[in-house]
Every structure is written in structure tokens, then in C-alpha cells.
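Some notes on the structure that comes next.
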Amino acid sequence: MAEELVRTENPSRPEPPANPDIVVVGGGIIGLAVAWQLQRDGAEVVVLDPAPGSGASHAAAGMLAPIHEAYWGEDHILTLNLAASRAWPAFADALGTEAVDYRRDGMLMAAFDADDKALLDNTGDLHDQKGLPVERLRSRECRAREPLLAPAVRGGVYSPLDHHVNPRLVVAELLHRVPTLAVAATEVAPRRVVTDDGRVLGCQQVVVAAGAWTGRLLEVPIRPIKGQIIRLIGPPELLRLPVRGVVRGSSVYAVPRSNGEIVVGATQEEQGFDTRVTAGGIHQLLWDVLTLLPGLSELEMVETWAGLRPGAPDNAPIIGIGNDGIAYAAGHYRNGILTAPITAAAVAAVVQRRESPVDLSAFRPDRFRAPRAAPSPTTAAAEPPRQVSA
Ligand SMILES: Cc1cc2nc3c(=O)[nH]c(=O)nc-3n(C[C@H](O)[C@H](O)[C@H](O)COP(=O)(O)OP(=O)(O)OC[C@H]3O[C@@H](n4cnc5c(N)ncnc54)[C@H](O)[C@@H]3O)c2cc1C
């Protein structure tokens with residue numbers, strides 16, 4: 001099969017195997033992390049993607065925030081996110097902690113006015129109920145941790161367990177390790193992929209990790225949720241730690257990188273596959289972030305961007321082997337950077353018919369299908385006896 005494969009453009013990337021055991025469709029952080037895990041477990045793997053790393057993973061701020069991403073009624077997501085957070089140090093270590101700018105500064109959530117504080121207190125009750133480690137801070141204590149915060153800030157919550165990373169560096173490191181082919185899948189089956197240049201690739205297992213585009217390949221209700229971001233640049237350590245804020249009911253965050261970049265985000269828009277950056281989106285982000293952190297106003301704005309979060313109707317990812325025999329690693333919505341290592345470990349386990357390190361029952365690929373109606377007694381009686389295999 002080797003002669004048939006298209007060469008990747010980047011010569012520093014590994015060569016695709018001649019007869020891959022596993023074909024992963026989609027080279028965002030999820031597909032690449034899954035492929036790398038399977039490869040480390042001894043499988044021959046290839047990732048198909050016409051533009052690896054160009055999807056949501058390119059837009060993401062890189063917050064690894066199980067605590068500040070905890071919401072009422074989403075206990076299964078919280079459990080997954082906490083397991084993901086525990087998996088990150090080893091994952092970052094294997095890629096190079098500095099190479100991916102993995103930092104454990106904690107994260108501050110600040111409330112701008114009294115109504116915003118009431119919103120924060122509501123989530124605080126959840127933190128208390130679940131015994132999650134947070135420190136509730138008064139206004140002055142918030143500014144002691146992050147002096148750039150506006151004096152008007154009413155209070156906040158510091159979470160030492162919420163870390164951050166640069167997702168673009170993570171993707172770059174993974175691309176050095178995992179072979180890719182610059183083609184798109186047009187049809188997928190459990191052991192076969194048809195590509196847009198007319199080839200048919202056979203393997204032992206196909207994994208689909210095509211982010212917001214997964215619903216174009218498979219019958220699964222994943223939709224794109226647009227997020228616009230801004231990248232600023234200033235002196236390193238100007239912003240000491242990631243700050244999230246609620247500003248008059250609107251959410252905004254600023255996440256620093258070690259090189260002085262600060263990622264400001266993000267809008268949440270239902271606009272289909274539209275990735276245009278808009279004046280209104282950028283205006284809202286700048287308005288909110290400069291209200292919260294006025295000292296950022298002098299920084300140079302070096303980039304605006306929009307990406308598409310892959311979202312399922314229940315906000316939970318889709319992980320596991322479906323009734324169609326295909327392995328799914330999709331729908332990671334707002335937390336795909338956080339959950340990449342644990343998704344990789346879980347998908348590798350189910351593909352190798354081992355027990356997953358996390359309970360996947362809430363993330364089953366088939367959970368959106370209507371249950372089949374039970375056969376009526378008359379139909380059941382009319383059916384011939386079936387052979388049952390072990
Ligand atoms: C603005 C923004 C901010 C975010 N911030 C955070 C954050 O701070 N922390 C966090 O944890 N998460 C964050 N997220 C969410 C996170 O980015 C996503 O959950 C994650 O990147 C999803 O990764 P993925 O690999 O599934 O998808 P993607 O990164 O979108 O990758 C999917 C890939 O599939 C490829 N593809 C599509 N169709 C095909 C096909 N037919 N054949 C082959 N390849 C195909 C695409 O080219 C793409 O490269 C953010 C997202 C956005 C948009």
C-alpha cells in the first residue's frame with residue numbers, strides 16, 4: 001500500500017506506515033492524541049487530514065479547567081474533566097512541558113458587578129457540594145493575585161487545579177510524532193476509508209475524530225459552535241495567570257503564554273460552518289476584557305481568529321465504539337484540549353478491547369438514537385428462534 005499513499009508535505013514528519021493497523025480521520029488535537037497513544041501502544045497508525053491542526057485546536061485558548069468548567073447537572077463531564085486534568089502532567093511531560101508551555105499557575109474567575117458575583121456564588125455552591133478545591137476571594141484579594149484587574153471587581157474564585165497550555169504547540173509536537181496524510185475522508189466504515197482522491201485504505205479499525213465535521217461523515221448530531229478570539233502580545237508575565245470573568249453577565253477570558261502572548265476569548269455563536277471574524281464579535285470581546293483588565297489596552301493586537309467547537313446536544317463528548325463498528329472520538333465542545341489525553345487513553349483501550357481508564361457509559365456514540373421499540377408478544381411469537389453466539 002506504501003506506493004499508493006500521498007506523502008505529507010513536511011519532511012520532518014514521520015512517514016506513513018505501508019499497512020496501517022489504525023486509520024484516524026481528523027488531525028486536530030483529539031485525532032493526533034489518539035493516534036499517538038495507539039502508536040505508543042505498538043500499533044501502526046496514520047492520521048488523515050487535508051489541513052491538520054487547523055480546526056478548533058488552532059483557535060483554543062488552552063485552559064485545562066475542570067473546576068471553572070463545572071456546571072450543575074453535568075456530573076459525568078466533571079468526572080471526565082477531573083480525570084483529564086490528572087492525566088495532563090504525564091502527557092505534557094512526554095511531549096516536553098516547556099515545549100508545549102504547560103503551566104500550573106491556577107486560574108482566577110472574577111465577577112465585575114454584584115449580579116456577576118451572584119452568578120459566581122451559584123457555581124460556588126456546586127464547588128462546595130462536590131468538595132472541589134477553590135478559594136473564594138474578596139476584591140482586594142483578587143487584585144493581590146492579579147494586579148491588572150479593575151478595582152471595581154467585586155470578588156472572585158481562585159482554582160489551583162485549573163492549569164493551561166498552548167494548544168498550537170501541543171499540535172506541533174504531536175505532528176512531529178504521528179504520521180499524517182494530507183487527504184480528506186469521504187466515506188468511512190469500521191475497517192475502510194475512502195479518500196477524496198479516490199483511494200480506499202483498509203485497516204483493522206477506523207477512528208473518527210473529525211471535530212465539528214464529524215456529522216458530515218457519520219450519523220451523529222454534532223454541530224459547529226463558533227468561537228472568535230483575539231491574540232495580544234506584550235511583555236512576558238504582564239498577566240500573571242489566566243483570568244476568566246463575568247462582566248455584566250457576559251463571559252470573557254484572558255490566558256497568558258510564556259512568550260508574552262495573551263489569548264482573549266471567546267464568543268459562542270450558532271452560525272453553522274461560518275468562520276468569519278466579525279466587527280461585533282471582536283468589539284464585544286475587547287469591551288469585556290478591557291473592562292475587566294484595563295491594563296491590556298496598550299498591547300499590540302496580532303491576530304483575530306474564529307474556530308468551530310464540536311458540540312453534541314448534551315454538551316458531552318462522544319467516545320467509544322458505536323453499533324456501526326466505528327470508533328468515535330468527537331464532540332469535545334469547550335474542553336477538547338483538556339480532555340485530549342484521557343480521550344486518547346480511553347479510545348486506545350476500547351480499540352484494543354481493554355477496559356477504559358474512565359467510565360464511558362455517558363459518552364456512548366449511540367446515545368442519541370431512538371431506542372428500538374420492544375417487539376409485541378404476537379410479533380415475538382411469530383419470529384423464528386435465533387442462534388445465539390458467545
Ligand atoms: C475559540 C475556542 C476556544 C477554545 N478554548 C478551549 C480551552 O481553553 N480549553 C479546552 O479544553 N478547549 C477549548 N476549546 C475547545 C477545543 O478547541 C476543541 O474541543 C478541540 O480542539 C476539538 O478537537 P478536535 O481534534 O476534535 O477538532 P478540531 O481541532 O476541529 O480538528 C478536527 C480536524 O478534522 C479535520 N477533518 C474534518 N473533516 C475531515 C475529513 N472528512 N477527513 C479528514 N479530516 C477531516 C479538520 O481538518 C480538522 O483538522 C476551544 C474552542 C474554540 C473554538
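The values are calculated or read from the model by the stated rules, or taken from the named source; none is laboratory data. From a predicted model like this one, the values you see are computed outputs, not experimental measurements. Backbone-built Cβ (ideal geometry, glycine too); neighbour counts: all protein chains shown. Quick note on the areas: whole protein, heavy atoms, side chains included, nothing else; ligands and nucleic acids left out. Shrake-Rupley method; radii C 1.70, N 1.55, O 1.52, S 1.80 Å.
Taken over segment 160-179, residues that are more than 20 Å from the chain's Cα centre (by Cα) and either assigned to a strand (DSSP E or B) or within 15 Å of the ligand (Cβ to nearest atom) (or both) amount to 1. When you check I282 against the structure, is it assigned to a helix (DSSP H, G or I), more than 14 Å from the chain's Cα centre (by Cα) and either more than 11 Å from the ligand (Cβ to nearest atom) or surrounded by 19 or more Cβ atoms within 10 Å (Cβ to Cβ) (or both), yes or no? Taking the combined requirement at face value, the residue satisfies it. Is it the case that segment 293-301 has a residue that's part of a strand (DSSP E or B), modelled with pLDDT of 95 or more, outside the structural domain of I29 (by TED's automatic domain parsing) and not acidic (D, E)? Yes, some residue in segment 293-301 is part of a strand (DSSP E or B), modelled with pLDDT of 95 or more, outside the structural domain of I29 (by TED's automatic domain parsing) and not acidic (D, E). Would segment 142-149 turn up any residue that is open to solvent by 10 Å² or more (accessible area, probe 1.4 Å), out of contact with any Leu (no Cβ under 8 Å at 6 or more places or on another chain), assigned by TED's automatic domain parsing to the domain that holds L241 and not in a loop (DSSP other than H, G, I, E, B)? Within segment 142-149, one or more residues are open to solvent by 10 Å² or more (accessible area, probe 1.4 Å), out of contact with any Leu (no Cβ under 8 Å at 6 or more places or on another chain), assigned by TED's automatic domain parsing to the domain that holds L241 and not in a loop (DSSP other than H, G, I, E, B). Being under 21 Å from N81 (Cα atoms) and not assigned by TED's automatic domain parsing to the domain that holds A349, is that true of even one residue in segment 195-209? Looking for residues that are under 21 Å from N81 (Cα atoms) and not assigned by TED's automatic domain parsing to the domain that holds A349, one finds none in segment 195-209, hence no. Here the condition is being over 30 Å from G53 (Cβ atoms) and touching a Lys or Arg at 6+ places or on another chain (Cβ under 6 Å); of E146, E141, it holds for E146 alone. A single member of A51, A84, A18 is touching a helix residue (DSSP H, G or I) at 6+ places or on another chain (Cβ under 8 Å), aliphatic (A, V, I, L, M) and under 27 Å from E269 (Cβ atoms), and it is A84. For segment 261-279: of the residues being closer than 19 Å to V302 by Cβ and part of a strand (DSSP E or B), which is nearest to the ligand (Cβ to nearest atom)? Top of the filtered list is G265. Take the conditions (1) open to solvent by 20 Å² or more (accessible area, probe 1.4 Å); (2) within 16 Å of the ligand (Cβ to nearest atom); (3) farther than 16 Å from V171 by Cβ; (4) outside any helix (DSSP H, G or I); P89 misses just one of them, which is (4). Reported count of residues in segment 345-365, each being over 20 Å from D75 (Cα atoms), outside any helix (DSSP H, G or I), free of Cβ contacts under 8 Å to residues at least 60 places away in the same chain and of a type outside the set (K, R), is 1. Is it the case that K117 is more than 29 Å from P357 (Cα to Cα), among the basic types (K, R), open to solvent by 60 Å² or more (accessible area, probe 1.4 Å) and not assigned by TED's automatic domain parsing to the domain that holds Q39? Considered against the rule, which asks whether it is more than 29 Å from P357 (Cα to Cα), among the basic types (K, R), open to solvent by 60 Å² or more (accessible area, probe 1.4 Å) and not assigned by TED's automatic domain parsing to the domain that holds Q39, K117 comes out as yes. Only a single criterion out of (1) at pLDDT below 95; (2) assigned by TED's automatic domain parsing to the domain that holds G26; (3) farther than 28 Å from R309 by Cα; (4) open to solvent by 70 Å² or more (accessible area, probe 1.4 Å) is not satisfied by Q129, namely (2).
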